[in-house]
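Down below is the structure, laid out as structure tokens.
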Amino acid sequence: MSLDTPSESTAAQAEGGTESIDRRKLRWRRRLNALRSWGSLLKEDRLGQIGLAILAFFILVGIFARPITVEIGPVWSQVQPFSLAPHGYTDRVATEGLHGPTWAHPFGTTDLGRDVLSQVIIGTRATLIVGTIAAFMAVFIGANVGIVSAYYGGWVDDVLMRITDIVYGVPFLPFAIALVFILGATLVNVIVAIVLILWRGTARVVRSQVLSHKQRPYVESARAIGASDFRIMYVQIMPNVLPLISLYAAFAVAWAVIAEASLSFLGLGPQGMISWGEIIYDVRSAGALREAWWWVFPPGIAIMLFVMSVFFIGRSLEKVVNPDLRHGK
Amino acid sequence: MRSNSRRSFLRSVGVAGAIGSASLAGCFGIDEGDDEEVGEEVPEIQFVYPTSGANPDRSELGGLIADNMEEIGFEVDRQELDFDPHVDQTVGNHDFDVSLLGWGGTPERIDPHIFLMDMHHSDFTGEGGRNTPGYENPDYDELAEAQAQEVDEEARRDIVFEAQAMLAEDQPRCYIANEGGDHPYNSERLESVNPTLGEGLNGFWNFMLAEPADDVDQVTFGYSSDIISLNPMQDLATPDRQFIRLIYDQLYRFGEEGEPIPWLAEDDPEIDEDGTTFTVQIREGHSFHDGEEVTIDDVLFSYELFAEYSPTYSVYLDPIEEMETDGNEITFHLSEPDATFTRNALAQIYIFPEHIWSEIDDPTQQDDEEYIGSGPFQFQAWEREVEMQLTSFDDHFEPPVMDTLIRVPGDEDALMDQIEAHEIDMLGNDPTPTQADRMDEDPDIGLATFEAIGHAKLAYNMRRDHMDDVHIRRAISYCVPKEAFIEDIRGGMGTVTHSPIAPVLEDWHNPDVMEFTEDLDAAREELEEGEYVWDGDDQLHYPAE
Amino acid sequence: MGLREYVVRRILQLVLTLWALVTLLFVLFRMVPGDPTTRFVMEYPTDAERQARIEELGLNEPLYVQYLEYMGQLLRGEFGDSTHYREPVSQLIFPLFMNTVVLMFTALLIAYTIGILFGAAMGWLRGSRFERGGIVAVLMARSSPEFWVGIILVWLFVFQFGLFPRSGIGGYGGELTMNFVDRYVNFDFLRHLFLPALTGAIVYLATPALLMRNTMLEVLKADFVEMKKAEGLPERTVLYKHAARNSVLPLVTVAAIATGAAMGGSVIIETVFNWPGVGREMVASVSRNDYPVAMAAFLLMGTSVIVMNFVADLAYLYLDPRVKYE
């Protein structure tokens, strides 16, 4: 699923570690190393910086888009009182529909007199929610399948990999469309549909990476001192494949956002919220594509920028995972 | 043509403002509990309405109705569903309190029978039945039955009026609007079009009379879905019927005003005094597309075939006890008087060539691939999702003006763009208000305005206790912004209505029934009259015991 | 393990995958609320007619009977009849599948031709402004969902310039033929093909472009380039030869996988451009509860994916002798 095929030469250098005192420290250092090396890479990687900046911007917009109120029974509390969006996304704020940009409505209004700017701001939330949750869940499942499969081998590996193969045979978008159509267009179903397919890439790559780690001396020695399987898998091996997992997580965010936008464009977006894809769907079903450029371009550009920022970050992560890609030094 | 090109939202702005400010009141707090002096809370209203994908206009309307219902103290469970799940859940399984759906109107439904009988008589309350609300009123049943048997038009009208008045008072349904509209066409390539009641440019008389400009040899007609089947034994969908009737003839056709006029028949049917015998004489010398003559045997064969196989029409032929032919004459003997027989049976049963269909074992399954009929158009070729080609049948006694008709299926928005790009000539769908505004300004594009006889409506599920109270139903009916639906959401297309029978059907529509328009004060009064009370949070409750 | 054994095993795996896919779909589509008669429930005068239709379709049978019947049908190579159109699914879906294949093949052809050339140029001009701009441009294209690219193209080429037709696959009133050449090789069809194919091409361009660029960079780093240059061969010849040799393997693999995936990805493009293809039909048939058509459409797309993945593996085997059959 990645743009380039990452190679398997990521192993952090500090392995071994039978000395009991330093073990924990070492492990942490190993974990930090990857982050640090990304940090230092980022200093020279303009695209990665731009990506991070754009992403940070969208995250802030998403959080402050509308006030957030938490309700537990009759008790409620407003944990985030700010509202970046001047209006609610269903509020009819203009007395005249389908109007181009004005000072009051910088992105113009929809056919029903709603403020496009507010919709785009609030739509950021749906994108963030679907993107992060779906990607996190997909990568979580994928990484676990990969690790378990590679570590235990044998019939466990066989079964899990055959399942992965089957999922590889399912066309992504058609499946998501069918599933969401059948189960109903809710936020949960949209995320489930995306996750059910998206984990497959991570599973395969993590498996092959873990296979190579399994042979290394640090795993042998851990086993020799009687560490449990769980401990070896998640404490010893996991940190070494973490950079790769985060790379796949970045791409998973991109695919999840594109998938959500595509579903929304077909009118299958999560109900009760607005997303960028849904705004474009509204433009289309209002029949306003021809004239209302102010209505269709902001959400479209927002999708593009968001996904692009994730790709930029992914590319710089890729250089951590696959040092061969660092060139020009 | 359209008058108001920009819509005003002043009325709706107020509602939205109230919702917007509520969330800014404070940073934390505790919602107060129930008061002591009130009874049980009125159950949450399960309101099923279309998603914006299924029907953007009605979806928007559904949201407004739900807002209003909450405004007067109801709790509303908003369920937005796609068309199939919606129909399945409400019409099929009766799992709803309030449901927003529509009912299409074609010339076959100009007669009030279906609206009064099937949709409100207590025989039709079963699962999948047309009486979705489960309305059971013996007084009403009597009226519905009486109108069907009354052969005298004047007397029948009185009964029909009375039935409408009763429905308006009982409000098993809230009739909202007849969604008439504008169908666009290319006014450069078409000299004239002929939109018909309820159908616009889909109407039979449009295809017959639409006049292409001098150098135009084929007319392309777009519609938002493909034809399912041209086999008249399978026709369930309106768009299918609209093309089947171009290819096949009936004894009578619905004229431009919706009245049955003699077609294959020479003259009006001869009906005996007690209304149980109908005799029809057919035209001589007319032939099928393959050159074989249309005979009285073909007519008899067709009626027998429909009685046995047709899922939609066989029920109309049930009253027939016996059919006999003599020369070019066919006589139907009915078991009881039937005021609707001409409209429902004589004007809807297609005449088939016996020499082709008698060879076909199971007419519901197997097509005549050539689709040989005797209608004004003949079938040429068809590729699904691409196009269907028909040409005029020049030997017909009333041939169409155009030579070639191409039917193009596709997604609505793409078809609208194609009309604007002059890629197709006319369209059987309504443009959105935005598109209509644009087309209005385009000198090459005309908009053919027509009235609808079908409607958008709310059904109240009277099988449920809380919905069985007329005050609740009336209060909800007062929450429906009928005017805003037509003016704001539909850009002025359509007519507000309060009765199942469209105002445009002047002979049958009762203009003096109880009316429900958006009026939240009236809604509260209605609820007070039903002795409902409100708690401190303005939630609706039953009175304390 | 020998090559033959490997291939046999892969084919068995392929069959297993297909079976799992069919079963999954079968269960999935039966979960849809309602049945094929639902949307016409108000058209049937009484419930008896509707029940008769349900029985006729065999939908009153227990689910496992329906499943066995369907599997039997598939083994005989039949897809059954559409419950909506009441005609054989194969007859309905074949022309649609052809339309999709023609569209996506064209899109991929453009994407890979331009992508490879563009990627090679980016690698060649490493570190230049062209390369940096190229990467951003390529990623930008890849970041745009198909519908967004489609909308921009329609807006530009149809609404603003009026250069290309809005939708469909051809002008109207011509001869309706299934003959491949008559159907697809004519100016009118190509005019209609242009925008949807370009949409696909833009979206799919990123993979080959970036792949080619990376290969180019690796080749440039290699010492033998210097050696060959020392032998007196011009740099350009050396580079192209080696870049080509090194990039064939990943490109073929990726292209095969992309072809499979594109069959599924066509849904959106077909919807935007009203292209009568198999993806659009799948969406439509799901919404009508037309299980046989939805299953067949999905199965065709799924089979394309699976078969092309298989082809990718075989190509890998064939082109890279170092690969073990694991």
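The values are calculated or read from the model by the stated rules, or taken from the named source; none is laboratory data. All of these numbers come straight from a predicted model, not from anything done at the bench. Here Cβ is always computed from backbone atoms with ideal geometry, including for glycine, and neighbour counts include all displayed protein chains. Ligands, DNA and RNA are stripped out before the accessible areas are found, and what is left, the full protein with its side chains, is counted by its heavy atoms. Shrake-Rupley method; radii C 1.70, N 1.55, O 1.52, S 1.80 Å.
Quick look at the values:
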item	result
Matching entry among A:Ile274, A:Ile313, A:Ile232, A:Ile280 (being part of a helix (DSSP H, G or I), within 14 Å of chain B (Cβ to nearest Cβ) and either in contact (Cβ under 8 Å) with a residue 12 or more places away in the chain or crowded, with 24+ Cβ neighbours inside 10 Å (or both))	A:Ile280
Residue, farthest from A:Ile122 (Cα to Cα), within segment A:50-73, restricted to residues that are without any contact (Cβ under 8 Å) to a residue 60 or more places away in the chain and within 13 Å of another protein chain (Cβ to nearest Cβ)	A:Gly73
Output for segment A:75-104, where each listed residue is facing another protein chain (nearest Cβ under 10 Å), of a type in the set (A, V, I, L, M) and part of a loop (DSSP other than H, G, I, E, B)	A:Val93, A:Ala94, A:Leu98
Candidate set from segment C:19-37 (those that are open to solvent by 40 Å² or more (accessible area, probe 1.4 Å) and assigned to a helix (DSSP H, G or I)); member that is nearest to C:Ala312 (Cα to Cα)	C:Trp19
Enumerated strands (runs of 3 or more DSSP E) restricted to segment B:74-193, each holding at least 2 residues that are more than 12 Å from chain C (Cβ to nearest Cβ) and of a type in the set (Asp, Glu)	B:76-81
Only listed residue being under 29 Å from A:Val61 (Cα atoms), free of Cβ contacts under 8 Å to residues at least 12 places away in the same chain and open to solvent by 40 Å² or more (accessible area, probe 1.4 Å), chosen from A:Thr102, A:Thr90, A:Thr186, A:Thr95	A:Thr102
Which numbered condition C:Ala52 misses (of (1) hydrophobic (A, V, I, L, M, F, W, C); (2) in contact with a helix residue (DSSP H, G or I) (Cβ under 7 Å, 6 or more places away or on another chain); (3) open to solvent by 40 Å² or more (accessible area, probe 1.4 Å))	(2)
Some residue of segment C:71-86 being open to solvent by 20 Å² or more (accessible area, probe 1.4 Å), without any contact (Cβ under 8 Å) to a residue 60 or more places away in the chain and within 14 Å of chain B (Cβ to nearest Cβ)	yes
Subset of segment B:251-309 [open to solvent by 70 Å² or more (accessible area, probe 1.4 Å), in contact with a Phe, Trp or Tyr (Cβ under 6 Å, 6 or more places away or on another chain) and not in a loop (DSSP other than H, G, I, E, B)]	B:Ile271
Qualifying residue in segment B:428-436 (condition: closer than 30 Å to C:Phe164 by Cα, among the charged types (D, E, K, R) and open to solvent by 10 Å² or more (accessible area, probe 1.4 Å))	yes
Failed condition for B:Glu506, given (1) surrounded by fewer than 22 Cβ atoms within 10 Å (Cβ to Cβ); (2) touching a residue at least 60 places away in the same chain (Cβ under 8 Å); (3) over 22 Å from B:Glu60 (Cβ atoms); (4) within 18 Å of the chain's Cα centre (by Cα)	(2)
Selection within segment A:153-178 - facing chain C (nearest Cβ under 7 Å) and either touching a residue at least 24 places away in the same chain (Cβ under 8 Å) or open to solvent by less than 20 Å² (accessible area, probe 1.4 Å) (or both)	A:Tyr168, A:Gly169, A:Val170, A:Pro171, A:Phe172, A:Leu173, A:Pro174, A:Ile177, A:Ala178
Positions within segment C:263-279 being out of contact with any Lys or Arg (no Cβ under 7 Å at 6 or more places or on another chain), in a helix (DSSP H, G or I) and at pLDDT 85 or above, in sequence order	C:Ser266, C:Ile268, C:Ile269, C:Val272, C:Phe273, C:Val278, C:Gly279
Residue match in segment A:285-304 (condition: farther than 25 Å from A:Val188 by Cα, within 14 Å of chain B (Cβ to nearest Cβ), without any contact (Cβ under 8 Å) to a residue 24 or more places away in the chain and of a type in the set (Val, Ile, Thr))	yes
Checking C:Ser90 against (1) in contact (Cβ under 8 Å) with a residue 24 or more places away in the chain; (2) open to solvent by 50 Å² or more (accessible area, probe 1.4 Å); (3) part of a loop (DSSP other than H, G, I, E, B), the condition it does not meet	(3)
Pick from segment A:283-305, criterion more than 25 Å from the chain's Cα centre (by Cα) and outside any loop (DSSP other than H, G, I, E, B), ranking: surrounded by the most Cβ atoms within 10 Å (Cβ to Cβ)	A:Trp295
Filtered residues of segment C:159-185 (kept if within 12 Å of chain A (Cβ to nearest Cβ) and more than 25 Å from the chain's Cα centre (by Cα))	C:Phe159, C:Gln160, C:Gly162
Residue pairs meeting the criteria (Cβ under 9 Å; at least 6 apart or on separate chains; first over 30 Å from B:Met117 (Cα atoms), in segment B:340-366; second aliphatic (A, V, I, L, M) and surrounded by fewer than 17 Cβ atoms within 10 Å (Cβ to Cβ))	B:Glu354/B:Leu300; B:Gln366/B:Ile360
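Per-residue answers, yes or no, for (1) open to solvent by less than 10 Å² (accessible area, probe 1.4 Å); (2) at pLDDT below 85; (3) of a type outside the set (Lys, Arg):
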{"position": "B:Asp57", "(1), (2), (3)": "no, no, yes"}
{"position": "B:Arg78", "(1), (2), (3)": "no, no, no"}
{"position": "B:Leu81", "(1), (2), (3)": "no, no, yes"}
{"position": "B:Asp88", "(1), (2), (3)": "no, no, yes"}
{"position": "B:Asn93", "(1), (2), (3)": "no, no, yes"}
{"position": "B:Val98", "(1), (2), (3)": "yes, no, yes"}
{"position": "B:His113", "(1), (2), (3)": "no, no, yes"}
